[in-house]
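S.K.: Can you keep this structure in mind? I'll have questions shortly.
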Amino acid sequence: MRGLHLIPAGINLSFIPKRLAFFSFSALLIVGSVVLFLAKGLNYGIDFKGGIMLEIRTEQAADLAAMRTTLGGLGLGEVALQEFGQETDVLIRVQRQDGGEKAQQAAVAKIKEALGTGVEYRRTEFVGPKVSEELFIDGLMAVGLAILAILVYIWFRFEWQFGLGAVVALTHDVISTVGIFALLGLEFNLSTVAAVLTIAGYSINDTVVVYDRVREDLRKFKKMPLPELLNRAINETLSRTVMTSLTTLLALGALFFLGGAVIRDFSFAMIWGVIIGTYSSICLAVPLLLYLKLERRGTLVGETGDENAEETP
C-alpha cells in the first residue's frame, strides 16, 4: 500500500532561480511590518498595558460566553476571560481604567455587581504600568535570547554560514508576525510572545531538515554547481516540509475555529507562523547560502561549485 504523497516524487521546482523575487517579497514584508509597527503600533493586551486581574470561582461550571457578554457591556474597555484548572475557576482581566486607585476600585465594584451572587472572589490584583513594562522587556529578552541560542546551536551543528542564514529567516518570521498583528489590530500579549517563541522553534525545525540535506549533498556531489545543489536539496525535502505544515495547520485550524475567543489570537499567530516559517525555510534560509562561502571538505565553494573534485555516485 502506497502512502500519501502530496508532492510527486522526483519533483524539481525552481526555487533558487527565483531567489531575487523571494528576497524582494521578503524585503517588502519586513519594511511594511516595521512601518506598521512605528505608524500604527500594536494593540497591547493587559499584560503590557496594566489593568485589573480577578480570580473567581463559581458554584457551577462557568459560562464564559455569558460572562464575557455581561462584563463587555459595562464600558470598562478590554475584558479577557480565561478558564484555568477546574471548570469553575475563571481568570478575569480588565484593562487599566483612567484615573488612580479609586477608578480601579470602582471598576472592581462594577464587576462584582454584574456577576451577582454565587461567585467567590479568590484574588484581586492591579497590574501597574511598572509591572507591565517589566513584562514587555522580559518578553523581548525571551525572544532575543531564543534567537541567539538558535544561532549558537546551528553554528555548532553545522557551520556559521548555516547559523547566519537560519537567524535571518527567524528574524524575518518574528518581524512579519509583529507586522500582521499591527495590521489587523489583534491583541498582543504574553500569549502572543509564547506563540512567537513557538514559531521560532517550528521554523528552525524546518530549516534544520533542509540544511541537513544540503550538507549531505555537499559531501555527495562534488562537481554540482551550488545553485543546482541547493535547489535539489529543497526539492528532496519538499514533500516532508509540506506534509508537516499541513498536518500542523489542521490542528491549528481546529483551535482557531473551535477553541473560542480566549485562544483565537494565539491560534492565528501560530497559523501565520507555520505559513511564514515554511516559506522562510525554503525561500530565504537556503538561498542565502549562495552568498556565503560554504566549505566542501576544506574547499571553499561559490555559486559555480568545485569543478575539479570528483562526484560521488
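S.K.: Just one of 182, 200 is on the phi < 0 side of the Ramachandran plot, among the small types (Gly, Ala, Ser), part of a helix (DSSP H, G or I) and at pLDDT 90 or above; which is it? Please lay out each step first, then the result.
M.R.: Details: 200 fails: at pLDDT 90 or above.
The conditions single out 182.
S.K.: Hey, among the residues in the range 16-56 that are surrounded by fewer than 16 Cβ atoms within 10 Å (Cβ to Cβ) and of a type in the set (D, E, K, R), which one's farthest from residue 71 (Cα to Cα)?
M.R.: Step by step, filter the range 16-56, then rank; the result is 18.
S.K.: Of these, 20, 71, which one is farther than 20 Å from residue 180 by Cβ and touching a Leu at 6+ places or on another chain (Cβ under 9 Å)?
M.R.: Of the residues listed, the single one that is farther than 20 Å from residue 180 by Cβ and touching a Leu at 6+ places or on another chain (Cβ under 9 Å) is 71.
S.K.: Looking at the range 119-139, which of the residues that are of a type outside the set (Val, Ile, Thr) and at pLDDT 85 or above is nearest to residue 279 (Cα to Cα)?
M.R.: Per the criteria, the residue is 138.
S.K.: From the residues in the range 218-258 that are among the charged types (D, E, K, R) and modelled with pLDDT under 90, which one is nearest to the chain's Cα centre (by Cα)?
M.R.: Filtering first and then ranking leaves 240.
S.K.: Kindly indicate whether residue 235 is over 24 Å from residue 20 (Cα atoms) and either crowded, with 17+ Cβ neighbours inside 10 Å or among the hydrophobic types (A, V, I, L, M, F, W, C) (or both).
M.R.: So residue 235 fails the test.
S.K.: Out of all the residues in the range 31-49, is one or more among the small types (Gly, Ala, Ser) and closer than 21 Å to residue 134 by Cβ?
M.R.: Checked the range 31-49: at least one residue is among the small types (Gly, Ala, Ser) and closer than 21 Å to residue 134 by Cβ.
S.K.: How about the range 67-81: which of its residues are on the phi < 0 side of the Ramachandran plot and either over 31 Å from the mean Cα position of the chain (by Cα) or of a type in the set (S, T, N, Q) (or both)? Walk me through how you get there before you give the answer.
M.R.: Narrowing the range 67-81 to residues on the phi < 0 side of the Ramachandran plot: 67-74, 76, 78-81.
Once the filter is applied, which keeps residues that are on the phi < 0 side of the Ramachandran plot and either over 31 Å from the mean Cα position of the chain (by Cα) or of a type in the set (S, T, N, Q) (or both), the range 67-81 yields 69, 70, 73, 74.
S.K.: Oh, and also: Looking at the range 72-85 only, could you name the residues that are out of contact with any helix residue (DSSP H, G or I) (no Cβ under 6 Å at 6 or more places or on another chain) and either within 18 Å of residue 109 (Cβ to Cβ) or without any contact (Cβ under 8 Å) to a residue 24 or more places away in the chain (or both)?
M.R.: Within the range 72-85, 72, 73, 75, 77, 84, 85 meet the criteria.
S.K.: Determine which member of the set 245, 267 is within 16 Å of residue 200 (Cα to Cα) and in contact with a Gly (Cβ under 7 Å, 6 or more places away or on another chain).
M.R.: After applying the criteria, what remains is 267.
S.K.: Kindly establish whether residue 195 is among the hydrophobic types (A, V, I, L, M, F, W, C), buried (at least 19 other Cβ atoms within 10 Å of the Cβ), touching a residue at least 40 places away in the same chain (Cβ under 8 Å) and more than 22 Å from residue 93 (Cα to Cα).
M.R.: Considered against the rule, which asks whether it is among the hydrophobic types (A, V, I, L, M, F, W, C), buried (at least 19 other Cβ atoms within 10 Å of the Cβ), touching a residue at least 40 places away in the same chain (Cβ under 8 Å) and more than 22 Å from residue 93 (Cα to Cα), residue 195 comes out as no.
S.K.: With 166, 142, 182 as the choices, which residue is farther than 27 Å from residue 210 by Cβ and under 15 Å from the mean Cα position of the chain (by Cα)?
M.R.: Numbers: 166 fails: farther than 27 Å from residue 210 by Cβ; 142 fails: farther than 27 Å from residue 210 by Cβ.
Checking each option against the conditions leaves just 182.
S.K.: Kindly provide the set of residues from the range 271-286 that are under 16 Å from residue 167 (Cβ atoms) and touching a Leu at 6+ places or on another chain (Cβ under 8 Å), ordered by number.
M.R.: Of everything in the range 271-286, those that are under 16 Å from residue 167 (Cβ atoms) and touching a Leu at 6+ places or on another chain (Cβ under 8 Å) turn out to be 280, 286.
The values are calculated or read from the model by the stated rules, or taken from the named source; none is laboratory data. Since this is a predicted model, take the numbers as computed values, not measurements. FYI the Cβ positions are ideal-geometry reconstructions off the backbone, even for glycines, and counts take in every protein chain you see.
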